[in-house]
Amino acid sequence: MRKHIVAGNWKMNNDLAQTENLITDLRKQMKTSDSEVMIAPSFTNLWQAFQTLREDETIEVIAQNMHFAESGAYTGEVSASMLKSIGIQTVILGHSERRAYFNETDESLAKKVAAALANDMRVIFCFGEELQDRKAGKEENIVASQIKTALFHLDANAYKHIVLAYEPVWAIGTGETASPDQAQDMHAFIRKTLADKYGGDVANSVSILYGGSVKPNNAKEIFSKPDVDGGLIGGASLKAEDFYAIVNAF
Ligand code: PEP
């Protein structure tokens, strides 16, 4: 059975004290859940968050990004081995904000994915179409091209360490969600794209998360769809009560 995963992407929010407070609040909300729960604080707070939660196996601390090089003259960047050295095992790559504001492309993301896997990390790979693509009926072409360019250099075994996050750009932080049927249709298409290249076993083993304005009031319906295996949560992950309402929506 595929893993259910709910991951909170905190983006550039929360200083050290706020990070500690939110983790304290999360712990109060925590119940046993079959889903894997993850939080992605900023780089400066990863170490503290990891230390605070290290005895606690119910929340994994993950990174929001990393560079593809192992080390070198890349001012301001952080490598996979640096993340690994503080205990981080999972990294989000390809978030639409990285693509839009930091010029990340599927070609450069292919290198990041390879570097993360070479360091035995797990990747949550994000992709999704923009509004104009959907209006033009091109959403499947765009998504297929993102997946093929960034991931199809991998062999089938690598997918044990890949989680996909379909995040239509028009739904991120906008309050507008894909309808549960739109999410299901795209997730089924993504699975078929994987199956065509790697076969059904691989395609059926990969968790595909939906991201884009998931809130406590819409999570249950979205998560009820057969190809939706969880969520990548932005805004609603900043409030412990809302985040756990989403975790408990499975
Ligand atoms: C995200 O940034 O990945 C995201 C899904 O944000 P939000 O939930 O705020 O739309």
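The values are calculated or read from the model by the stated rules, or taken from the named source; none is laboratory data. Quick caveat: nothing in here was measured; it's all calculated off a predicted structure. Cβ: placed from backbone, ideal geometry, glycine included. Neighbour counts: every protein chain shown. Just so you know, the surface numbers come from the protein's heavy atoms only, side chains and all, with ligands and any DNA or RNA stripped out. Shrake-Rupley method; radii C 1.70, N 1.55, O 1.52, S 1.80 Å.
Residues that are out of contact with any Gly (no Cβ under 8 Å at 6 or more places or on another chain) and open to solvent by less than 30 Å² (accessible area, probe 1.4 Å): list the helices (runs of 4 or more DSSP H) wholly contained in the stretch 38-106 that include at least 1 such residues.
43-53, 80-85
Pairs only if they're at least six apart or on different chains, beta carbon under 9 angstrom, first in the stretch 197-212 and away from the ligand (no atom under 16 Å from the Cβ), second open to solvent by 20 Å² or more (accessible area, probe 1.4 Å) and among the acidic types (Asp, Glu); list them, first residue then second.
Correct list of pairs: Tyr198/Asp155; Ala203/Asp196.
Which of the numbered conditions does Glu176 fail, given that it passes all the others? Conditions: (1) open to solvent by less than 70 Å² (accessible area, probe 1.4 Å); (2) part of a loop (DSSP other than H, G, I, E, B).
(1)
Taking Ile190, is it more than 16 Å from the ligand (Cβ to nearest atom), in a helix (DSSP H, G or I), aliphatic (A, V, I, L, M) and within 18 Å of the chain's Cα centre (by Cα)?
It is true that Ile190 is more than 16 Å from the ligand (Cβ to nearest atom), in a helix (DSSP H, G or I), aliphatic (A, V, I, L, M) and within 18 Å of the chain's Cα centre (by Cα).
State whether one or more residues within the stretch 230-243 are under 18 Å from Val123 (Cβ atoms), in contact with a strand residue (DSSP E or B) (Cβ under 9 Å, 6 or more places away or on another chain) and aromatic (Phe, Trp, Tyr).
Among the residues of the stretch 230-243, not one is under 18 Å from Val123 (Cβ atoms), in contact with a strand residue (DSSP E or B) (Cβ under 9 Å, 6 or more places away or on another chain) and aromatic (Phe, Trp, Tyr), which makes the answer no.
Scan the stretch 107-131 for residues that are touching a helix residue (DSSP H, G or I) at 6+ places or on another chain (Cβ under 7 Å) and assigned to a strand (DSSP E or B) and report the count.
5
Write out, first by first residue and then by second, each pair whose Cβ atoms fall under 8 Å of each other, whose residues are 6+ apart or on separate chains, and whose first residue, in the stretch 1-13, is more than 21 Å from Glu97 (Cα to Cα) and more than 11 Å from the ligand (Cβ to nearest atom) while the second is among the β-branched types (Val, Ile, Thr) and part of a loop (DSSP other than H, G, I, E, B).
Arg2/Val206
Which of the residues spanning the stretch 143-162 are in contact with a Phe, Trp or Tyr (Cβ under 7 Å, 6 or more places away or on another chain) and either within 16 Å of the ligand (Cβ to nearest atom) or of a type in the set (Asp, Glu) (or both)?
Hits for the stretch 143-162 are Val143, Gln146.
When you go through (1) open to solvent by less than 60 Å² (accessible area, probe 1.4 Å); (2) more than 26 Å from Val214 (Cα to Cα) one by one for Met186, which number turns out not to apply?
(2)
Can you give me the number of residues within the stretch 7-34 that are assigned to a loop (DSSP other than H, G, I, E, B) and either in contact with a Pro (Cβ under 9 Å, 6 or more places away or on another chain) or farther than 10 Å from Ile59 by Cα (or both)?
Within the stretch 7-34, residues that are assigned to a loop (DSSP other than H, G, I, E, B) and either in contact with a Pro (Cβ under 9 Å, 6 or more places away or on another chain) or farther than 10 Å from Ile59 by Cα (or both) number 10.
Quick check on Lys112: is it touching a strand residue (DSSP E or B) at 6+ places or on another chain (Cβ under 6 Å), of a type in the set (Lys, Arg) and surrounded by 14 or more Cβ atoms within 10 Å (Cβ to Cβ)?
For Lys112, the condition - touching a strand residue (DSSP E or B) at 6+ places or on another chain (Cβ under 6 Å), of a type in the set (Lys, Arg) and surrounded by 14 or more Cβ atoms within 10 Å (Cβ to Cβ) - is met.
Of everything in the stretch 223-241, what is buried (at least 24 other Cβ atoms within 10 Å of the Cβ), closer than 20 Å to Met1 by Cα and either near the ligand (Cβ under 9 Å from one of its atoms) or over 15 Å from the mean Cα position of the chain (by Cα) (or both)? Give them in sequence order.
Scanning the stretch 223-241 gives Gly231, Leu232.
In the list Glu176, Glu129, which residue meets the criterion of being within 16 Å of the ligand (Cβ to nearest atom), touching a Pro at 6+ places or on another chain (Cβ under 7 Å) and charged (D, E, K, R)?
That would be Glu129, the only listed residue that is within 16 Å of the ligand (Cβ to nearest atom), touching a Pro at 6+ places or on another chain (Cβ under 7 Å) and charged (D, E, K, R).
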